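A.B. asks: What follows is a single structure, and I will ask about it in a moment.
The values are calculated or read from the model by the stated rules, or taken from the named source; none is laboratory data. All of these numbers come straight from a predicted model, not from anything done at the bench. Cβ placement follows ideal geometry from the backbone for every residue including glycine, while neighbour counts extend to all protein chains displayed. Heavy atoms of the whole protein, side chains included, go into the accessibility calculation; ligands, DNA and RNA do not. Shrake-Rupley method; radii C 1.70, N 1.55, O 1.52, S 1.80 Å.
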Amino acid sequence: MSVTSDSLGVLIMAAGKGTRMHSDKPKVLQSLLEEPVVYYILDSVRRAGLSNVAVLVGHRGEMVEAYVRQEWPDAEVVWQHEQLGTGHAVKVAEAWWKQFDHVLVLNGDVPLVEPQTLADLVKKHERYRPQCSLLSFNADDPAGYGRIVRLADGGVRIVEHKEAEEEELSIHEINAGIYLFETKALSSVVDQLSPNNEQNEYYITDAVHLIDETEGDVNVVVCEDEAELQGVNTPYDLAATARALNKRIIRAHMLNGLKCMDPGSTWIGPRAEFAPDVVVEPGVQIWGRSQIGNGSRIGAYTTLRNVAIGENTTVFGPSVLVDAEIGNGAEIGPFAFLRSGVLMKDGSRAGRFVEIKNSAIGVGAKVPHLSYIGDATIGDGTNIGAGTVTCNYDGSEKHRTTIGANCFVGSDTMFVAPVSMGDNASTAAGSVITKDVPDGALGIARARQTNIDDWQNRKGITAKKTQKDKES
């Protein structure tokens, strides 16, 4: 029976508690390079060309379901309200997978599995046409894993580690927990599964045995890379997997032109995208749906999260940019913090110790140093002096500041929003602007300077009188 995309369903098991994670969050939602663990298996399935996907949820399933609905809306969600084992999980999902000729069953905690590995399993299943195909690998240390026992008659048996005999414990071929069933064969045996084992659970491996015993064919496909099929069960596993994934991601980008000065200290998430000629200095972290344009440079110890950066832009490190869009030829940092809806247009600049939030900075406009710009619009060519603050919060609501094009804002200006400044206008240093400044005007809002003559001598006389009063 041929295996096509339409005839194949994919069931991802994501219902387990993951008790060894010691976390209230489900194991499949643990953060791995700032994406949930289950993201990687869903992504591998998609890149393998498989489109009919269901995610089986159980423990804290509402959290997993919310993630799937938001990020993978084409996937179905199936509930396993009682976690009674992998065999039980397959049974409760039967109404979903029976609509297909074949079903691929895999765990949601194997984030290193490659799309090509899944595609090869499907191809070999189609070539040999067994009733079940499964993946195995040879482990250097097989402790804790289910063993693949190859029988003299050509059959296959899978033995869990806790139930293996001494001779079976010496086997290094391991069950990877990834199965491709002909659904007719699976449906014929799934009701025969029983919890007669140490764990009192229904095992999916028993379905493999039953198919094999009823003269069905079981084909074992060996994966050459042991690391690819390692599960994530503990915080240590999570960290080790993150390092392996990061190395894989950086290598792929560097083969496509990324200039990463120190791959060992750099962290890049799986959704980040780079034009060919980007330079990334040591200690950089790039997360989420970040995109970096051709010729741009990301300075040392900078963190980017969901940031789009144009061409030939320089981010001097260390800086932090979150949910921001940066145009071509811009300059950011060092020690800049841009967050929550910032738009820096072409040729603009945000310099040393500048924080910008929910604001648009015009073409060629500059906020060179020591300023806070929040909920503001700054026009093209405007220069913001050091120490400028847009006072956007009145204690209960946020308000906007609008500054026109080609303005000069004097150092230490406070804009008390809501307030606006026209084109070609200026403010005097130290002003507190509470009223709109018209086009071309100079806004001055500060107390008149008063000089007290002979202040130093008068101060000294006062100090001496005070001392005498104390002594008396």
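A.B. asks: Filter segment 238-288 down to the residues that are without any contact (Cβ under 8 Å) to a residue 12 or more places away in the chain and farther than 19 Å from V113 by Cα, then identify the one that is least open to solvent (accessible area, probe 1.4 Å).
C.D. replies: Out of the qualifying residues, it is G264.
A.B. asks: Also: Let me spell it out: the conditions are (1) under 26 Å from K398 (Cα atoms); (2) in contact with a Phe, Trp or Tyr (Cβ under 8 Å, 6 or more places away or on another chain); (3) open to solvent by 30 Å² or more (accessible area, probe 1.4 Å), and A336 meets all of them except one. Which number is the exception?
C.D. replies: Here A336 clears every test but (3).
A.B. asks: On to the next question. Return the residues of segment 221-237 that are surrounded by fewer than 15 Cβ atoms within 10 Å (Cβ to Cβ) and among the acidic types (D, E); say none if nothing qualifies.
C.D. replies: Result: E224, D225.
A.B. asks: A further question on this structure: Kindly indicate whether Y372 is at pLDDT below 95, open to solvent by 30 Å² or more (accessible area, probe 1.4 Å) and on the phi < 0 side of the Ramachandran plot. Can you show your working first?
C.D. replies: Details: at pLDDT below 95: no; open to solvent by 30 Å² or more (accessible area, probe 1.4 Å): yes; on the phi < 0 side of the Ramachandran plot: yes.
No: the conditions fail for Y372.
A.B. asks: A further question follows. Just to be sure before I move on: is S290 at pLDDT 95 or above and either within 22 Å of N358 (Cα to Cα) or of a type in the set (D, E) (or both) in the structure I sent?
C.D. replies: yes
Condition check ((1) farther than 22 Å from G327 by Cβ; (2) in contact with a Phe, Trp or Tyr (Cβ under 7 Å, 6 or more places away or on another chain)) across all residues:
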{"residue": "T241", "(1), (2)": "yes, no"}
{"residue": "A252", "(1), (2)": "yes, no"}
{"residue": "P263", "(1), (2)": "yes, no"}
{"residue": "T266", "(1), (2)": "yes, no"}
{"residue": "R271", "(1), (2)": "no, no"}
{"residue": "G283", "(1), (2)": "yes, yes"}
{"residue": "R289", "(1), (2)": "no, no"}
{"residue": "G299", "(1), (2)": "no, yes"}
{"residue": "T302", "(1), (2)": "no, no"}
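A.B. asks: Continuing with the same structure: Residues in segment 118-135: is at least one over 18 Å from W97 (Cα atoms), assigned to a loop (DSSP other than H, G, I, E, B) and either in contact with a Gly (Cβ under 6 Å, 6 or more places away or on another chain) or hydrophobic (A, V, I, L, M, F, W, C) (or both)?
C.D. replies: Within segment 118-135 (the criterion being over 18 Å from W97 (Cα atoms), assigned to a loop (DSSP other than H, G, I, E, B) and either in contact with a Gly (Cβ under 6 Å, 6 or more places away or on another chain) or hydrophobic (A, V, I, L, M, F, W, C) (or both)), the answer is no, since none of the residues qualifies.
Residue-by-condition table, conditions (1) under 18 Å from G364 (Cα atoms); (2) touching a Pro at 6+ places or on another chain (Cβ under 6 Å); (3) in a strand (DSSP E or B):
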residue	(1), (2), (3)
A252	no, no, no
G257	no, yes, no
D277	no, no, no
G283	no, no, no
R289	no, no, no
N294	no, no, no
R305	no, no, yes
E311	yes, no, no
L321	no, no, yes
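A.B. asks: Could you list all residues from segment 114-142 that are hydroxyl-bearing (S, T, Y) and open to solvent by less than 10 Å² (accessible area, probe 1.4 Å)?
C.D. replies: Here is the first cut: in segment 114-142, the residues hydroxyl-bearing (S, T, Y) are 117, 128, 133, 136.
Within segment 114-142, S133, S136 qualify.
A.B. asks: Taking V218 as the residue in question, decide whether it is buried (at least 17 other Cβ atoms within 10 Å of the Cβ) and touching a residue at least 12 places away in the same chain (Cβ under 8 Å). Walk me through it before giving the result.
C.D. replies: On the way: buried (at least 17 other Cβ atoms within 10 Å of the Cβ): yes; touching a residue at least 12 places away in the same chain (Cβ under 8 Å): yes.
Yes, satisfied.
A.B. asks: Confirm whether G231 is within 22 Å of L106 (Cβ to Cβ) and either at pLDDT below 90 or aliphatic (A, V, I, L, M) (or both). Before the answer, list the steps.
C.D. replies: On the way: within 22 Å of L106 (Cβ to Cβ): yes; either at pLDDT below 90 or aliphatic (A, V, I, L, M) (or both): yes.
It is true that G231 is within 22 Å of L106 (Cβ to Cβ) and either at pLDDT below 90 or aliphatic (A, V, I, L, M) (or both).
A.B. asks: For residues that are under 23 Å from N246 (Cα atoms) and among the β-branched types (V, I, T), scanning just segment 13-52, find the one that is surrounded by the fewest Cβ atoms within 10 Å (Cβ to Cβ).
C.D. replies: V45
A.B. asks: Another question, if that's okay. I'm trying to understand the selection: among the residues of segment 413-450, which are modelled with pLDDT under 90 and either assigned to a strand (DSSP E or B) or of a type in the set (S, T, N, Q) (or both)?
C.D. replies: Q449, T450
A.B. asks: Could you tell me whether any residue of segment 76-84 is within 23 Å of N200 (Cβ to Cβ), open to solvent by 60 Å² or more (accessible area, probe 1.4 Å) and among the acidic types (D, E)?
C.D. replies: yes
A.B. asks: I would also like to ask the following. Looking at this structure, is L151 open to solvent by 20 Å² or more (accessible area, probe 1.4 Å), among the hydrophobic types (A, V, I, L, M, F, W, C) and touching a strand residue (DSSP E or B) at 6+ places or on another chain (Cβ under 7 Å)?
C.D. replies: yes
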